[in-house]
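Everything on this sheet refers to the single structure shown next.
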Amino acid sequence: MKVLIISSGHSAPLTEAVRQVNQFFSQTGIETLLCIADESVQGCTGCGKCWKKHRCVFEDGLNQAADQMDAIGGIIVLSDVIYGQLSEPLNDFMSRLTYCVSDRMADKPAAYIPCGRAYGAEQAVNRMQEYFSYAGMIILSAKQHHLITADSPDNEETVRALCTRMKWLMHCLEAGEEHPEGTYTRTLDYVR
């Protein structure tokens, strides 16, 4: 079982939060896969080839996550909030990942940790939850507002709470019954 960590941004609080997430899971014996959504991430062109192959035609790191999705037990996304929203590279990464393998993301726990100021964090959280919801994922939270900021003493507590809930839920799901067949279907299609 692995945890996919998707990181987008360069701020000091974000870098520290990614380090803490990685450290938490490595200490508990859960392997992590880190994907960076930066300027090298290609936007989706809507070619539709990923729909059947579960791989994107662009080789920029996204396929590494798509290829391992069956082994991934949960996803944690951490990003800087840019002008009150997700960064464009993260939007592109999540759009393509969700379109490629949303059926294999279903029923896996997912968490999003925004980093920045309070302005815009709510919009960023809502956008990320749209991706998680489309894929049929189980959305986790640590508390009402789990924003990471530059000078907050609660940052480490927030990261630890989310990671602890993620680990617990992954173990519960691993020990439990299989998901009932036919309750999740890929229905979203784009009109051309």
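Could you count how many residues in the range 127-139 are without any contact (Cβ under 8 Å) to a residue 12 or more places away in the chain and touching a Leu at 6+ places or on another chain (Cβ under 9 Å)? Of the residues in the range 127-139, 0 are without any contact (Cβ under 8 Å) to a residue 12 or more places away in the chain and touching a Leu at 6+ places or on another chain (Cβ under 9 Å).
Assess whether A142 counts as being closer than 18 Å to G84 by Cβ, among the aliphatic types (A, V, I, L, M) and touching a Leu at 6+ places or on another chain (Cβ under 6 Å). It is false that A142 is closer than 18 Å to G84 by Cβ, among the aliphatic types (A, V, I, L, M) and touching a Leu at 6+ places or on another chain (Cβ under 6 Å). Scanning the range 126-148 for residues being surrounded by 17 or more Cβ atoms within 10 Å (Cβ to Cβ) and either outside any helix (DSSP H, G or I) or touching a strand residue (DSSP E or B) at 6+ places or on another chain (Cβ under 6 Å) (or both) gives a total of 10. Cβ-Cβ contacts under 7 Å between residues 6 or more apart (or on different chains), taken from a first residue in the range 145-161 that is at pLDDT below 75 to a second residue that is among the hydroxyl-bearing types (S, T, Y) and surrounded by 13 or more Cβ atoms within 10 Å (Cβ to Cβ), are listed as H146/T158. Specify the residue that is surrounded by the fewest Cβ atoms within 10 Å (Cβ to Cβ); the eligible residues are those in the range 108-125 that are part of a loop (DSSP other than H, G, I, E, B), over 13 Å from the mean Cα position of the chain (by Cα) and not hydrophobic (A, V, I, L, M, F, W, C). Among those that are part of a loop (DSSP other than H, G, I, E, B), over 13 Å from the mean Cα position of the chain (by Cα) and not hydrophobic (A, V, I, L, M, F, W, C), it is Y119. Taken together, the criteria exclude I82 from residues that are of a type in the set (V, I, T) and under 27 Å from T164 (Cα atoms).
Residues in the range 51-68 that are crowded, with 21+ Cβ neighbours inside 10 Å and either hydroxyl-bearing (S, T, Y) or assigned to a loop (DSSP other than H, G, I, E, B) (or both): C56 only. Look at C47 and say whether it is surrounded by fewer than 20 Cβ atoms within 10 Å (Cβ to Cβ) and not in a helix (DSSP H, G or I). Spelling it out, C47 is indeed surrounded by fewer than 20 Cβ atoms within 10 Å (Cβ to Cβ) and not in a helix (DSSP H, G or I).
Give the residue that is modelled with the highest pLDDT, with candidates limited to residues of the range 1-30 that are assigned to a loop (DSSP other than H, G, I, E, B) and buried (at least 16 other Cβ atoms within 10 Å of the Cβ). The selected residue is I30.
Tell me yes or no: at least one residue of the range 76-99 is among the aromatic types (F, W, Y), part of a helix (DSSP H, G or I) and within 23 Å of R19 (Cβ to Cβ).
Within the range 76-99, the subset among the aromatic types (F, W, Y) is 83, 93, 99.
If we keep only those that are part of a helix (DSSP H, G or I) too, we end up with 93, 99.
Right, trim to within 23 Å of R19 (Cβ to Cβ) and you get 93.
Within the range 76-99, one or more residues are among the aromatic types (F, W, Y), part of a helix (DSSP H, G or I) and within 23 Å of R19 (Cβ to Cβ).
Reported count of residues in the range 67-83, each being over 28 Å from A121 (Cβ atoms) and not charged (D, E, K, R), is 2.
Matching residues to (1) under 27 Å from G46 (Cβ atoms); (2) modelled with pLDDT under 90; (3) not β-branched (V, I, T):
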site	(1), (2), (3)
G84	yes, yes, yes
N91	yes, no, yes
L97	yes, no, yes
A106	yes, no, yes
I113	no, no, no
R117	no, yes, yes
A121	no, yes, yes
V125	yes, yes, no
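Filtering the range 64-75 to residues that are in contact with a helix residue (DSSP H, G or I) (Cβ under 8 Å, 6 or more places away or on another chain) and either closer than 15 Å to F93 by Cα or free of Cβ contacts under 8 Å to residues at least 60 places away in the same chain (or both) leaves A65, A66, M69, D70, I75.
The values are calculated or read from the model by the stated rules, or taken from the named source; none is laboratory data. These numbers come from a predicted model, not from an experiment. Virtual Cβ from ideal backbone geometry, glycine too; neighbours counted across all protein chains shown.
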